[in-house]
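Undergrad: The structure's right below; bear with me while I get my questions together.
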Amino acid sequence: MKVSYLYWNARGLGKSRKRLKNLVTKFHPKLLVIAEPMARISRLDMWHDRLHFDGCCSNVEEGGKLWLFWSQDLHLVVENMGDQFLTVRITNLNDFRITFVYAKCSYLERRRLWDSLMGANIHHLPWMVMGDFNIIRNDSERRGGRPRLALAMEEFNSWVGSCGLLDMPSCGNSLSWCNGHSGRSRHWARLDRCLFNTVALDAFPGANMEYLARTSSDHAPMAVSLENQLIRYGFPSFKFQQMWVSHAQFFYCVSHSWNGDDVGGSRLYMLVTKLKRLKIALRTWNKHTFGKTVSHIAALKNRIKGLEASLQTEYAEDVEDDLVASQLELSVWLNREEQRLAQQAKQRWIQKGEANSAFFRAVSRRNHKEVKAMQLEDGSILSSPKQIHDGAITYFSNFLKAGNSCDEPNLGDLVQLTISQDDNDLLSCVPLSQEVYDALCSIPEDSSSGPDGFGSGFYRSCWHIVGTDVVAAVSEFFQGMALPRFFNATHLVLIPKVENPTSFDKFRPISLCNVFYKICTKIMVNRLSPLLANFISPEQ
């Protein structure tokens, strides 16, 4: 399901008639909001008919600065209004509440708005707040002009934090308002924005906002698209979860799979086979063990609530024991969920015990940047996930492919022999178990894993099970055996160079290698580092 909304501070409908019709024709929004129409309220019905909407309303009793139009697909109820906002509830969309804002220029008058919306805040229901807030959150949200009042920004940020709101992911331009001047006197700012709470994010994980082009108004229209599922392309990858280690059955599952049927071939290929087999076993085990974590936590909370109510009525020792056991079990499951979400969101600064699952989930999803469209060098636009996927493969395959080979001159006579036989023996000798383990421990547990999905946390936790095979495989590599493709494979990850990239050249590719590959390279680096001074010539 996809629902689109359009908000525009038109600064007068008289000069914006054509622009408004074009917007409605192009985007077919289910809901349209016009701020500052600068028209008599008697013309509301005329615009309702002209734009072909089924319903309309306005905060006419509070000044009529917000006009709202919607289609019959939305069962809409007006809940509250003021001179700076209008709140509606969509009953056939999970009781989704939307507050449209047209804030005053004075921060003193905006305080009334923050107080009014603070009272309307309902954490357990999906809520979205969008519109012209007439204030930015920090100085990075402006270009040119005088700095905004620090107190006004602090009050705005305090209200956003108290209501548990997040900025909706956006694409395209990052600033929404321009003073219309030219040259150095032109100012830009992000006065318009769309915020929503974590409940709305759970309901619509694919939500996205875009600033459209400015024309007749100094404000850019906002097009909001609510989708209840993210568009995925390809197969979900396996990733080892550090929280699995805390479960009593985890090591049994790993040991049972790892020490299963004997595997033939070299030590390297034995390790590949065991890792593939373990991946399948852990997928199944995780599905049965942690597949209903959220519902299990909710059930434990309800059970504790019922036991506490029972104890308040009449004390019973067995009820008390049951309550303590349930609280301990809840604490364990909350810690596991906290660890999983923290690993997913990759937030190292969060201390244990400070977790809020909704916040972690929100951070994780906000960190996940979904590319909606890409432009090629010939001007064509890729819009579907498959087109973007295929386009990325083509672009970076050409970008990273090897150049034409040519005959290189022999410079061997110019290279002095500075590495002794003892040094060479040290570089190529088979590593001992402790050297392999030290190289493993130098890899952070929360570093991103490679294509096999097993991070260093897995190897550290299960070293007593997998250590012998890992050391044997590393030894075989140092004896001259080529690494299988399984270990050589990498994940190519695209890091945006700019905030909202629109073409493939705005990405920087990096490779995520498997941990086994990192162990081998770290051993070589550790051995080579002390010898660098011997064969690197000093700077002249």
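Undergrad: If you scan the stretch 325-339, which residues turn out to be closer than 19 Å to Lys305 by Cα and either touching a residue at least 12 places away in the same chain (Cβ under 8 Å) or under 27 Å from the mean Cα position of the chain (by Cα) (or both)?
TA: Keep residues of the stretch 325-339 that are closer than 19 Å to Lys305 by Cα, which gives 325-334.
If the condition is that a residue be closer than 19 Å to Lys305 by Cα and either touching a residue at least 12 places away in the same chain (Cβ under 8 Å) or under 27 Å from the mean Cα position of the chain (by Cα) (or both), then Ser326, Gln327, Glu329, Leu330, Ser331, Val332, Trp333, Leu334 are the ones that fit.
Undergrad: If Arg97 satisfies every condition in (1) surrounded by fewer than 21 Cβ atoms within 10 Å (Cβ to Cβ); (2) among the charged types (D, E, K, R); (3) in contact with a Ser or Thr (Cβ under 7 Å, 6 or more places away or on another chain) but one, which is the exception?
TA: That leaves (1) as the condition not met.
Undergrad: Would you kindly identify the strands (runs of 3 or more DSSP E) lying entirely within the stretch 52-134 that contain at least 3 residues that are within 18 Å of Phe204 (Cα to Cα)? Give the derivation first.
TA: Numbers: elements: 55-58, 66-70, 76-81, 85-90, 96-102, 127-132.
Correct list: 85-90, 96-102, 127-132.
Undergrad: Looking at Ala39, is it touching a residue at least 60 places away in the same chain (Cβ under 8 Å) and touching a strand residue (DSSP E or B) at 6+ places or on another chain (Cβ under 9 Å)? Break it down into steps so the answer makes sense when it comes.
TA: On the way: touching a residue at least 60 places away in the same chain (Cβ under 8 Å): no; touching a strand residue (DSSP E or B) at 6+ places or on another chain (Cβ under 9 Å): yes.
No; evaluated as a whole, the condition is false for this residue.
Undergrad: Within the stretch 460-482, restricting attention to residues that are in a helix (DSSP H, G or I), free of Cβ contacts under 8 Å to residues at least 60 places away in the same chain and out of contact with any Asp or Glu (no Cβ under 8 Å at 6 or more places or on another chain), which residue is farthest from Tyr252 (Cα to Cα)? Before you say what the answer is, go through the steps one by one.
TA: Initial filter on the stretch 460-482 (in a helix (DSSP H, G or I)): 460-461, 463-478.
From the residues that got through so far, the ones that are free of Cβ contacts under 8 Å to residues at least 60 places away in the same chain too are 460, 463-464, 467-468, 471, 474, 478.
Adding the requirement that they be out of contact with any Asp or Glu (no Cβ under 8 Å at 6 or more places or on another chain) leaves 463-464, 467-468, 471, 474, 478.
Numbers: Trp463: 14, His464: 12, Gly467: 16, Thr468: 17, Val471: 22, Val474: 25, Phe478: 32 Å.
Ranking the qualifying residues of the stretch 460-482, first place goes to Phe478.
Undergrad: Moving on to the next point. Of all residues in the stretch 485-522, which are at pLDDT below 90 and part of a loop (DSSP other than H, G, I, E, B)?
TA: Correct list: Ala489, Lys497, Val498, Glu499, Asn500, Pro501, Thr502, Ser503.
Undergrad: A further question on this structure: Whether any residue in the stretch 224-236 is at pLDDT below 90, crowded, with 20+ Cβ neighbours inside 10 Å and under 30 Å from Asn157 (Cβ atoms) is what I want to check.
TA: Yes, some residue in the stretch 224-236 is at pLDDT below 90, crowded, with 20+ Cβ neighbours inside 10 Å and under 30 Å from Asn157 (Cβ atoms).
Undergrad: Follow-up question, since we're still on this one. Based on this model, can you work out whether Val294 counts as hydrophobic (A, V, I, L, M, F, W, C) and modelled with pLDDT under 80?
TA: Numbers: hydrophobic (A, V, I, L, M, F, W, C): yes; modelled with pLDDT under 80: yes.
Spelling it out, Val294 is indeed hydrophobic (A, V, I, L, M, F, W, C) and modelled with pLDDT under 80.
Undergrad: Additional query: Just name the residue that is surrounded by the fewest Cβ atoms within 10 Å (Cβ to Cβ) out of those in the stretch 107-149 that are in contact with a helix residue (DSSP H, G or I) (Cβ under 9 Å, 6 or more places away or on another chain) and among the polar types (S, T, N, Q).
TA: Residue satisfying both the conditions and the ranking: Asn138.
Undergrad: While we're on this one: Between a residue in the stretch 499-523 that is closer than 15 Å to Asn488 by Cα and any residue that is of a type in the set (Gly, Ala, Ser) and at pLDDT below 90, which pairs come within a Cβ distance under 6 Å, given they are 6 or more apart or on different chains?
TA: Leu512/Ser448; Leu512/Gly450; Cys513/Gly450; Asn514/Gly450
Undergrad: What residue, of Asp390, Asp422, Asp438, Asp446, is under 19 Å from Leu512 (Cβ atoms) and either surrounded by 13 or more Cβ atoms within 10 Å (Cβ to Cβ) or more than 41 Å from the chain's Cα centre (by Cα) (or both)? If you could, list the steps in order and put the result at the bottom.
TA: Numbers: Asp390 fails: under 19 Å from Leu512 (Cβ atoms); Asp422 fails: under 19 Å from Leu512 (Cβ atoms); Asp438 fails: under 19 Å from Leu512 (Cβ atoms).
When all the criteria are applied, what remains is Asp446.
Undergrad: Additional query: Can you say whether Val525 is modelled with pLDDT of 85 or more, under 25 Å from Arg340 (Cβ atoms) and not hydroxyl-bearing (Ser, Thr, Tyr), as far as the supplied structure shows?
TA: When the stated conditions are applied, Val525 does not pass them.
Undergrad: Can you pull out every residue in the stretch 31-79 that is of a type in the set (Asp, Glu) and within 36 Å of the chain's Cα centre (by Cα)? Before the answer, list the steps.
TA: Our first condition is that a residue be of a type in the set (Asp, Glu); within the stretch 31-79, this holds for 36, 45, 49, 54, 61-62, 73, 79.
Glu36, Asp73, Glu79, listed by residue number.
Undergrad: Further question on the same structure: For the stretch 1-15, which positions are surrounded by fewer than 21 Cβ atoms within 10 Å (Cβ to Cβ) and either of a type in the set (Asp, Glu) or assigned to a loop (DSSP other than H, G, I, E, B) (or both)? Break it down into steps so the answer makes sense when it comes.
TA: First, pick out the residues of the stretch 1-15 that are surrounded by fewer than 21 Cβ atoms within 10 Å (Cβ to Cβ): 1-4, 11-15.
If the condition is that a residue be surrounded by fewer than 21 Cβ atoms within 10 Å (Cβ to Cβ) and either of a type in the set (Asp, Glu) or assigned to a loop (DSSP other than H, G, I, E, B) (or both), then Met1, Arg11, Gly12, Leu13, Gly14, Lys15 are the ones that fit.
Undergrad: Can I ask one more? For the stretch 4-38, give me each residue that is among the small types (Gly, Ala, Ser) and either under 16 Å from Tyr211 (Cβ atoms) or modelled with pLDDT of 85 or more (or both). Spell out how you get there, then give the answer.
TA: So in the stretch 4-38, the residues among the small types (Gly, Ala, Ser) come out as 4, 10, 12, 14, 16, 35.
Ser4, Ala10, Ala35, listed by residue number.
Undergrad: Another one. Go over the candidates Ser176, Ser162 one by one and state the one that is free of Cβ contacts under 8 Å to residues at least 60 places away in the same chain, of a type in the set (Ser, Thr, Tyr) and in contact with a Leu (Cβ under 9 Å, 6 or more places away or on another chain).
TA: Working: Ser162 fails: in contact with a Leu (Cβ under 9 Å, 6 or more places away or on another chain).
Criteria check complete, one pass: Ser176.
Undergrad: Are any of the residues in the stretch 301-324 among the basic types (Lys, Arg), under 30 Å from Phe487 (Cα atoms) and not assigned by TED's automatic domain parsing to the domain that holds Val466? Before you say what the answer is, go through the steps one by one.
TA: The initial filter retains those residues of the stretch 301-324 that are among the basic types (Lys, Arg), namely 301, 303, 305.
If we keep only those that are under 30 Å from Phe487 (Cα atoms) as well, we get none.
Within the stretch 301-324 (the criterion being among the basic types (Lys, Arg), under 30 Å from Phe487 (Cα atoms) and not assigned by TED's automatic domain parsing to the domain that holds Val466), the answer is no, since none of the residues qualifies.
Undergrad: Are there any pairs, at least 6 apart or on different chains, whose C-beta atoms fall under 7 Å, with the first in the stretch 432-449 and free of Cβ contacts under 8 Å to residues at least 12 places away in the same chain and the second polar (S, T, N, Q), and if so, which?
TA: Ser447/Ser456
Undergrad: Condition test on Ala189, is it closer than 20 Å to Thr99 by Cβ and assigned by TED's automatic domain parsing to the domain that holds Arg146? Before you say what the answer is, go through the steps one by one.
TA: On the way: closer than 20 Å to Thr99 by Cβ: no; assigned by TED's automatic domain parsing to the domain that holds Arg146: yes.
Against the criterion (closer than 20 Å to Thr99 by Cβ and assigned by TED's automatic domain parsing to the domain that holds Arg146), Ala189 does not qualify.
The values are calculated or read from the model by the stated rules, or taken from the named source; none is laboratory data. What you see is a predicted model; the values in this text were computed from it and never measured. Note that we place each Cβ from the backbone using ideal geometry, even for glycine, and neighbour counts take in every protein chain shown.
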